[in-house]
1. Looking at (1) out of contact with any His (no Cβ under 9 Å at 6 or more places or on another chain); (2) under 27 Å from G177 (Cα atoms); (3) not in a helix (DSSP H, G or I), can you tell me which one M1 breaks?
2. I need the full set of residues from region 118-150 which are away from the ligand (no atom under 12 Å from the Cβ), of a type in the set (V, I, T) and part of a loop (DSSP other than H, G, I, E, B), in order please.
3. Got at least one residue in region 78-91 being among the acidic types (D, E), surrounded by 14 or more Cβ atoms within 10 Å (Cβ to Cβ) and under 17 Å from S14 (Cα atoms)?
4. Take T110 and tell me if it is surrounded by fewer than 22 Cβ atoms within 10 Å (Cβ to Cβ) and not aromatic (F, W, Y).
5. Just the residues that are more than 14 Å from the chain's Cα centre (by Cα) and not in a loop (DSSP other than H, G, I, E, B), please, taken from region 185-211.
6. Quick check on region 125-133. Is at least one of its residues in contact with a Phe, Trp or Tyr (Cβ under 9 Å, 6 or more places away or on another chain) and either of a type in the set (S, T, Y) or more than 23 Å from P77 (Cα to Cα) (or both)?
7. Only residues that are open to solvent by 40 Å² or more (accessible area, probe 1.4 Å), of a type in the set (S, T, N, Q) and within 13 Å of the ligand (Cβ to nearest atom): list them for region 24-68, please.
8. Could you check, for region 5-23, whether at least one of its residues is closer than 20 Å to D156 by Cα and either more than 7 Å from the ligand (Cβ to nearest atom) or crowded, with 16+ Cβ neighbours inside 10 Å (or both)?
Amino acid sequence: MKTIGLIGSGHIGSQLARLAVAHGYNVVLSNSRGPETLAALVKELGPKARAATSNEAAQAGDIVVVTVPLKNYRQVPVAPLAAKIVIDTNNYYPDRDGHFPELDKESTTTAELLQSHLTNSKVVKAFNHIYAAELTTHGQPAGSKDRRALAIFGDDPTAKATVTHLIDEFGFDTLDGGPLKESWRIQRDTPGYGPRRTAAELRKDLAAATRYKQAG
Ligand SMILES: NC(=O)c1ccc[n+]([C@@H]2O[C@H](COP(=O)([O-])OP(=O)(O)OC[C@H]3O[C@@H](n4cnc5c(N)ncnc54)[C@H](OP(=O)(O)O)[C@@H]3O)[C@@H](O)[C@H]2O)c1
């Protein structure tokens with residue numbers, strides 16, 4: 001696991017790229033406008049980084065992060081991501097993304113939508129409830145007192161173990177919240193969405209989460 005591909009290189013993608021390079025990974029960045037528009041970020045990140053098309057980033061990554069506005073998730077390339085671990089950071093904001101009836105009804109989750117698009121990939125929900133700036137400022141070594149925890153969800157235990165290891169390298173504990181269908185517990189407006197939490201605190205937040213329809 002040496003190369004991380006990024007589909008989306010905005011607030012979250014660029015921060016994850018900084019963490020990845022700082023921890024010895026190669027990164028292949030991509031966005032919607034083309035590799036040449038990522039020249040400044042590639043320069044900042046140095047020789048371990050390059051920019052490419054999203055198809056190439058998907059092909060190059062041992063792990064690939066999808067971190068785009070949710071409305072564009074169907075544009076994520078499918079074939080080059082087959083059998084790969086795909087980290088999904090995405091959240092649903094109707095003002096930005098337009099309305100997805102299945103999300104409004106809560107008959108599915110954002111992570112399950114991406115999984116149904118990437119049928120043969122192993123999607124792991126992660127990094128969706130931490131502000132981008134905090135990715136490079138809140139990390140601490142393993143074993144630190146009150147280390148911040150990040151929730152993950154996924155249907156493939158091996159993929160979750162790999163992402164747990166990555167998150168630990170990046171400076172955070174992990175709380176396994178269960179399968180993708182449970183990932184609504186860390187969606188927008190739930191107790192764990194945003195604040196700094198230890199694993200024990202985050203566990204309580206996930207248990208206390210309510211569906212939007214219950215919240216009224
Ligand atoms: N910002 C946060 O603190 C935060 C925290 C947790 C989770 N999130 C979630 O993570 C996702 C990304 O958020 P963000 O704040 O990083 O967004 P952002 O700053 O707007 O960046 C989005 C990135 O996705 C790229 N993109 C858009 N459509 C694409 C496509 N079809 N193929 C490839 N790349 C594409 C954009 O490229 P162009 O600029 O070239 O269009 C841009 O690089 C969102 O779902 C957001 O809700 C954000």
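1. Answer for M1: the failing condition is (1).
2. T119, T137
3. Yes, there is a match, as at least one residue in region 78-91 is among the acidic types (D, E), surrounded by 14 or more Cβ atoms within 10 Å (Cβ to Cβ) and under 17 Å from S14 (Cα atoms).
4. Criteria not met by T110.
5. R185, A199, A200, E201, L202, R203, K204, D205, L206, A207, A208
6. Taking every residue of region 125-133 in turn, at least one turns out to be in contact with a Phe, Trp or Tyr (Cβ under 9 Å, 6 or more places away or on another chain) and either of a type in the set (S, T, Y) or more than 23 Å from P77 (Cα to Cα) (or both).
7. S32, T37, T53, N55 - these are the residues of region 24-68 that are open to solvent by 40 Å² or more (accessible area, probe 1.4 Å), of a type in the set (S, T, N, Q) and within 13 Å of the ligand (Cβ to nearest atom).
8. yes
The values are calculated or read from the model by the stated rules, or taken from the named source; none is laboratory data. Please read all numbers here as calculations on a predicted model, not as lab measurements. All Cβ positions, glycine included, derive from the backbone under ideal geometry; neighbour counts span all protein chains shown. For the accessible areas, the whole protein counts, side chains as well, though only heavy atoms, and no ligand, DNA or RNA atoms are used. Shrake-Rupley method; radii C 1.70, N 1.55, O 1.52, S 1.80 Å.
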